[in-house]
Every structure is written in C-alpha cells, then in structure tokens.
C-alpha cells in the first residue's frame, strides 16, 4: 500500500508543472489568436532576430577588441625586447607626445611639439589648469629625455581662437576607473560579477551576502556601462539617457509638421496612454511604465512655426525628468524628421535595466513609434492628394 501511495504521489504533477503548462497554454492562445495571432508572431520573430543581431555584433566587437589589445601588448613587448636601448627617432617621438597630450587636453592642436635628440619643447596656447598636466604627460612618454614648456597659459578660452571648442579631459585613467568601459572589459567584469554572485549564493551567511552584493554591482555596472552614482540615479553627476532617431517621411514639411501634435501621440505611440492639454502650452502625460504600471508627469511645449521645430520638457516635480526636441527639414520631395529625447530613468540606470527586462526599451519603441507615425502621415498625404 505504501508503495502504491508513493507511486501515485510521484505520478501526480507538481504545482510548478501545472503553472508551466498553464503558461504555455496561454502563450499558445496568445500567438494563435485568429485576428492578431499573425501580427503577434511576426512581432515576436522580429524581436528575436533583432536580439540575435545585437548579440552577434556584441560578440564580434568583444572578440575584435580583445584581439587588438593582445596584438598591441605583444607588439610593445617585442619592441622593448628587440631595441631595449635604441633611441627613438625625433619625429616618431614627437608624434608619441602629441598622441599622449591629446588625452589630457581638449585643444591638443593648440600645442606645438618639437623634439631634438630626445629633448622636447612644448609651445603654443593652453588653459592654465592644463599646462602642468600637459608637461607631466609629455615627460612620461618613453624615450623623452627632458621637456621644456613654453606654453602660454590662459585662464579662459575667451578671445583665443585656438582654444575654442573642445571638451574638458581629465587625462588617462586605468580602465576600471573610466566612466565608460570598453566591450572587452565589460564582458570580463560581467563574467566576474556573475561568478561572485553565484559564489555568494552558495556560501550563504554574511560573507556570501557581501560577495553577492559585490557581484551584483559588477554585473549592473557592466550591463549599464555607467558610473556607480548614475546607476542608482544619485549625486550631482546624475545623467540622462539620450536617444536620437531620424526618419524620412514621404510628405511635405508643412504636412508633417501639422500632423506632429502632442495630443495625437497616443494614436501612434504604443506606450502613451493619454496626453491631456492643461492650457498655456502645458500637457499632462500618462504612459506605460515597467510592468505596464502607469507613470504620469506634466510638461511644457514650445513650438516654432518659422523654423519648424518643437521642444518640450517636464515640469519640476515630475516622476520622470525628461526633455526633447523634433526638427522638420526638407529632404528631396519629403521631410527629414530628427527626434532627440533625453530622460533620467527612475532609480537611474538600474531602473532602465529593469524596465528593459520588463519590456520597456525606449530606443526600440521609438523606432516602432516613428515607423507608425511615418505610415499615418504618408497615408494622410496620399488621401489628400487623391481628394
């Protein structure tokens, strides 16, 4: 009798198996719907193909970078072994100095480099807070015997044509100290993070918890490729995610500009539930957030009829800080639509990663939305032409 009861208990499906069966059945019904099944299957197939292409490109990029780093390391070792004490030609040494100082100043072309028998002379113009950094960087170049700095220092770039433009640079850092990691380092850090997370889960206790926390942090840092503060959306360095997309619409500029109305966004933006006018160029937005949880905020829009431009930004106190712009430019017989969107995800880059995992990928959604907008506007234009 006991044996029979054991046999029955073993043959009885578990709760997990029942849930799995129900899930598969629901998925089959969802994909085989008579009206929308074909569209859903095609969309799922497109997403799968897109994901496959991204994985393949990422793999090729990581392999290519790792190969180039290995080749560069081997070449440098061979050069040192073959010519350990051989002097470097002055022209080659000057090029090395120019390449090195380009990492510590945003206006490297304003600095002239001359080398005579290994002795370097720096001249030209630079900002005052970069002069010492440039000289130190030049001294560290292999083969340089001495450095004489004759650089004219300026407190600000105002009035100095050679110092206009450029972005501030803090100089070279070790790879892991950079805000942005290369694909190879991201892959390596992600693998180490996964290993530490699994090891912490197996070990258990406080040490296991600490290992798991470090591993999870590495995985999140490698996946988001952002500094630790922006990962959680904290600190003064909190930065937004910028998305830029361009699309060509086969319709006149005036027609496209007229159809791009904020109140009509829910018609072709899949994640926008409602945009309600509040008066005074202000609107109230309701969009689908992670797991289809609604997110709301108020925004203000500025429209320029003359230049065919539109800009908007969220008002203070919004759940999601965001801003954007769209420009309409003639392109052949149609219109070139340039869209720029900047937003700060809830909980920083970690929130963005969670949103993607739960089905909210802003870049992919914007591509789909713009394709729908293109279709709607072109259909309107064809209808107006036939009328």
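The values are calculated or read from the model by the stated rules, or taken from the named source; none is laboratory data. Here the structure is a predicted model, which means the values were calculated and not measured. Positions of Cβ are generated from backbone atoms using ideal geometry, with glycine treated the same way; all protein chains shown enter the neighbour counts.
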Tell me yes or no: at least one residue of the stretch 20-39 is within 29 Å of residue 190 (Cβ to Cβ), over 23 Å from the mean Cα position of the chain (by Cα) and either assigned by TED's automatic domain parsing to the domain that holds residue 364 or modelled with pLDDT of 75 or more (or both). no
List pairs: first residue in the stretch 136-165 and in contact (Cβ under 8 Å) with a residue 24 or more places away in the chain, second residue exposed (fewer than 13 other Cβ atoms within 10 Å of the Cβ) and not in a loop (DSSP other than H, G, I, E, B) anywhere in the structure, Cβ distance under 7 angstrom, at least six positions apart or on different chains. 153/128; 154/128; 155/128
Among the listed residues 359, 324, 351, identify the single one that is surrounded by fewer than 16 Cβ atoms within 10 Å (Cβ to Cβ) and either in a strand (DSSP E or B) or at pLDDT below 90 (or both). 359
Please tell me if residue 263 is more than 25 Å from the chain's Cα centre (by Cα) and outside any strand (DSSP E or B). yes
Across (1) under 30 Å from residue 56 (Cβ atoms); (2) modelled with pLDDT of 75 or more, residue 180 clears everything bar (2)
Check the stretch 83-105 and report whether any residue there is crowded, with 20+ Cβ neighbours inside 10 Å and at pLDDT 90 or above. no
